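Here the structure comes first, spelled out in structure tokens, and everything after it is commentary.
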Amino acid sequence: MATYNGVKYLREQIDSILSQSSRQWHLYIHDDGSTDGTVELLNDYTRKYPEWVTVMDYPSQGGALQNFMSLLEKVEADYYMFSDQDDVWHPTKVELSYQAMIGQETQHPDKPIIVHSDVRVVDSNLNLLHPSYREYGHIYPESVKDFKSCVINITLGCAMLFNRKAREISLDRSWEHALMHDGWVTTRTFAEKGIVYAMPEALMEYRNHGDNTVGATDGSRFTIGYRIRHFGQMLRLNMKQYRMLRSAGYGSIFTYYYHKFLLHIH
């Protein structure tokens, strides 16, 4: 878990992790220089639950991407899950994600593997906005099958579980051009012919509020008219996405836009 000035929602999130049906996990947290009481709250949890919660002590990293990737570099484990500071996990999130992972590893031994669930989009008070992030954002995981078609990010970091092989290939290249931690791990997994498996269940409440680093976006607003009006912004975002893919070994810009076109007519 990467934290930064998250005291408002942090207790609910950590409590939801402590309430997991599976007990085979350990929560590592690094704070990125909070000034709102987050650090004091985290220290309280480490005192109460030292067997479950560890706060990592090293300098501020300067952003969510850097913070998550620094944790990925420092923590040694067989499996990894990213956690935001403001969501609420359902009690079976770890258990069901792990079961899905074991199923995929049985079918695909020695592969880097990501399993990722859907999530419920809620407001700051946990009122339901949409029962499916994928439907809300018009995100179709089945349309992205390999590295060439990986021109959008179909995974949410907070909904992922990935194995050690996926972690290792995510750290074996510079992530300088990564947009976010989840997109980078997914990109590298596709690049190395790994497995990205979409679980059908929604296993957490994903808070969508003004303080999100990223947040959920209603996919219906991306009409042709919207794309024309925001052409410059869309072009810059696409070039950032392509630079990330290119740094992972992707092909030409023409291949990128060809697969973008295919996704848009899906």
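The values are calculated or read from the model by the stated rules, or taken from the named source; none is laboratory data. Quick caveat, the model's predicted, so the values are computed rather than measured. Please note: Cβ atoms are built from the backbone with ideal geometry, for glycine as well, and neighbour counts cover all protein chains shown. Note: areas computed on protein heavy atoms with side chains; ligands, DNA, RNA excluded. Shrake-Rupley method; radii C 1.70, N 1.55, O 1.52, S 1.80 Å.
Annotations
- Candidates Tyr226, Tyr256: the one that is modelled with pLDDT of 95 or more and either in a helix (DSSP H, G or I) or surrounded by 15 or more Cβ atoms within 10 Å (Cβ to Cβ) (or both) is Tyr256.
- Test: residue in the range 214-223 that is of a type outside the set (Lys, Arg), at pLDDT below 60 and not in a loop (DSSP other than H, G, I, E, B): yes
- Residues in the range 34-76 that are in a helix (DSSP H, G or I) and either among the charged types (D, E, K, R) or open to solvent by 40 Å² or more (accessible area, probe 1.4 Å) (or both): Val39, Glu40, Asn43, Asp44, Arg47, Lys48, Gln66, Glu73, Lys74.
- Test: residue in the range 18-25 that is touching a strand residue (DSSP E or B) at 6+ places or on another chain (Cβ under 7 Å), modelled with pLDDT of 95 or more and hydrophobic (A, V, I, L, M, F, W, C): no
- Pick from the range 143-168, criterion over 21 Å from Ala2 (Cβ atoms) and open to solvent by 20 Å² or more (accessible area, probe 1.4 Å), ranking: farthest from the chain's Cα centre (by Cα): Lys148
- Residue within the range 188-199 that is modelled with pLDDT under 60, within 30 Å of Val94 (Cα to Cα), in contact with a helix residue (DSSP H, G or I) (Cβ under 8 Å, 6 or more places away or on another chain) and open to solvent by less than 20 Å² (accessible area, probe 1.4 Å) present: no
- Looking across the range 18-33, the residues that are of a type in the set (Ser, Thr, Tyr) and either open to solvent by less than 40 Å² (accessible area, probe 1.4 Å) or in contact with a helix residue (DSSP H, G or I) (Cβ under 7 Å, 6 or more places away or on another chain) (or both) come down to Ser21, Ser22, Tyr28.
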